[in-house]
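Note sheet for the following structure.
Read-outs: derived from the displayed coordinates by stated rules, not from any lab. The structure displayed is predicted, hence computed values, not measured ones. Here the Cβ positions follow ideal geometry from the backbone for every residue, glycine too, while neighbour counts run over all protein chains shown.
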Amino acid sequence: MNVISNSNNTGTTSTENGLPVYSMSTNTLKSQAVEVRNHRVNWQSYLQGQMIQQQDFEIIQEFDASRSFEARKSVLDRRGEECARTFIALMTRISKEQTVRYILTAVDDLLMEDPKRTELFNDSNNKKRASPWIGFMNMLNRNDRFIVHQASRIIAKLACWGKERMSTQDLNYYLNWIKTQLANEMTDYIQSILSSLQMMLKVRQYRLAFFEMDGLSSLMAVLQTKCGFQIQYQTTVCIWLLTFSPEIVDQMVAFNPVPLLADILGEAAKEKVTRIVLATFRNLIEKPNDPETVKLFSLAMIHCKILKNLEILEGKQFTDEDVLADIEYLSNHLGECLLDLSSFDEYSSEVKSQRLEWSPVHKSEKFWRENSTRLNEKNYELLRILTNLLETCQDPEILAVATHDIGEYVRHYPRGKKVIEHLGIKQLVMQLLSHENTQVKYNALIAVQKLMVHNWEFLGKQVNNE
């Protein structure tokens, strides 16, 4: 994927290490920044009040007077380090929110104009042996949300575009702050947060740190909310960026983002959302080091009916050739996997997706006769997933299928009753005997009969006839 637009207003500015360097746009933040730029600060009053030094006053006055790109470039080329020092000094000495907003917006603008200007802050701070983003980190605790999110944008730029990489302590602090914002900030500002995260995840070191602090779960939680297509897109871009590290992809199996992304793909109305989901699916297949990971993700995609979605997409027209290439790649790969798919692979994939339905494998006598003992594998992994579904799921069909499978396991595996009791499943099944849904209640009753007696077929027919 060569170019990915980041919003309706801006797009990718360049690429680095095969990954895009994003322009960082927002809606609320962007509109407010226009007003902030037009604000005129009375620096003379700050000087007279001895709140700023004479040198800083002269520098900020000269910078403010350079309203055009060329004039500003001239000032920064001549006095760049001085400007950086002045910005930091003003930001830390002045408490008035409107002025701090203006300073942060000026810094963000000059960095956007030329990413190499991050070195001005490196040089300025290195003489004091401080990291360039430290002063801006302190802004994250301010009450003014514009200041907070503008500071976050600057931190991401300094941490990614500059030569210096964040220390573990600074990185964990900033990424944890982002995680907290993702959980709490459901306004237009979330676009700014995701834009900062997109930039951070471009760096391998930062990707690993974010994933290790359960960052993928935070992103999936955002996608599970009723967010618009832009938030869907930016969040999926973040997941896509995570998939560029094979060691992360191999661990993603435990989270299995495929069902969630499959839902987004099926409902996507915007090409860029379709494009990024397909690119993520391709990475989940191409990037892993472990062949078992490739197999598990492939099975998940097959179970989530991605092949059917791909058939529909093949009939549409796309402006991006990469979309067509990804559709062809995924169709060929999943088609080959389908030919090699065993009935147990199909069943395992369905259970792990936690989206049970009455597919033929559940009612197959042959399947349960040959595979019931395989539910004991990996410390009863599949049985534990079924247990979790019985405890937490509200979907009647899923509950009915799960209780049916528990009954079939006990019926075909002689020692199954002891396993079921040990895992606490028996009590969960019995609780479903009073479920309001007839289908759930019936399958729970049949499962209990299989747990309690041998002649379950006869009793099952009796229940059916009642």
Separation of the D322 and N172 label points, Cα + 7 Å toward Cβ, nm
3.4
Projecting each Cα onto the charge dipole of the chain (Lys/Arg +1, Asp/Glu -1 at the beta carbon, about the Cα centre), which of M91, M112, V222 comes out farthest on the positive side?
M91
If Lys and Arg each add +1 and Asp and Glu each add -1, what is the summed charge of the other residues whose beta carbon sits under 9 Å from the beta carbon of E113?
+1
CD proxy, 222 nm, the chain: helix-only mean residue ellipticity via -39,500 (n - 2.57) per DSSP H run with n ≥ 4, per residue, nearest 500, stands at -21500 deg cm²/dmol
Using the count of nearby Cβ atoms within 10 Å as a rough guide to exposure, how do C83, C337 rank from fewest to most?
C337, C83
Taking R0 as 45 Å and r as the Cβ-Cβ distance between K30 and K378, the FRET efficiency 1/(1 + (r/R0)^6), rounded to the nearest 0.05, comes to 0.35
Output wanted: per-residue J couplings in Hz (rounded whole) for region 253-267, from phi through Karplus 6.51 cos²θ - 1.76 cosθ + 1.60, θ = phi - 60°, x for Gly and Pro.
4, 5, 9, 6, x, 4, x, 5, 5, 5, 4, 5, 4, x, 9
Considering only the other residues whose Cβ falls under 14 Å of the Cβ of F57, what net charge follows from Lys and Arg at +1 and Asp and Glu at -1?
-2
Net charge within 13 Å of A156 by Cβ-Cβ distance, Lys/Arg positive one each and Asp/Glu negative one each, not counting A156 itself?
+2
Using θ = phi - 60° and the Karplus curve 6.51 cos²θ - 1.76 cosθ + 1.60, what whole-Hz ³J(HN,Hα) does each residue of region 210-217 get, with Gly and Pro shown as x?
5, 5, 5, 8, 6, x, 4, 4
Could you list the GluC sites (Glu not before Pro) in region 252-307 that lie in coil according to DSSP, counting only those with at most 15 other Cβ atoms within 10 Å of their Cβ?
none
Tabulate in residue order the Karplus-calculated ³J(HN,Hα) for region 276-287, using 6.51 cos²θ - 1.76 cosθ + 1.60 with θ = phi - 60°, rounded to whole Hz; enter x for Gly and Pro.
6, 5, 4, 5, 5, 4, 5, 5, 5, 9, 7, 8
Amide H partners (placed H, <5 Å) of L423, local residues excluded:
none
Region 219-237-region 284-354 distance, computed between alpha-carbon centres (Å):
21
Mind putting a number on the dipole of the chain about its Cα centre? Charges go on the C-beta only, +1 for Lys and Arg and -1 for Asp and Glu, and I need it in Debye to the nearest 20.
1080
For region 41-155, the dipole about the Cα centre with charges only on Cβ (Lys and Arg +1, Asp and Glu -1), to the nearest 20 debye, works out at 340
Counting other Cβ atoms within 10 Å, keep those with at most 16, restrict to DSSP loop, and tell me which trypsin sites (Lys or Arg not before Pro) in region 246-278 are left.
K270
For semi-axes √(5λ) of the Cα gyration tensor in Å, one of [x] 35, 28, 20; [y] 44, 34, 19; [z] 56, 23, 18 was computed from the structure I shared and the rest are decoys. Which label?
[z]
Sparse-neighbourhood loop hits (trypsin sites (Lys or Arg not before Pro), region 32-110; DSSP loop; Cβ within 10 Å at most 15 others) -> R40, R67, K96
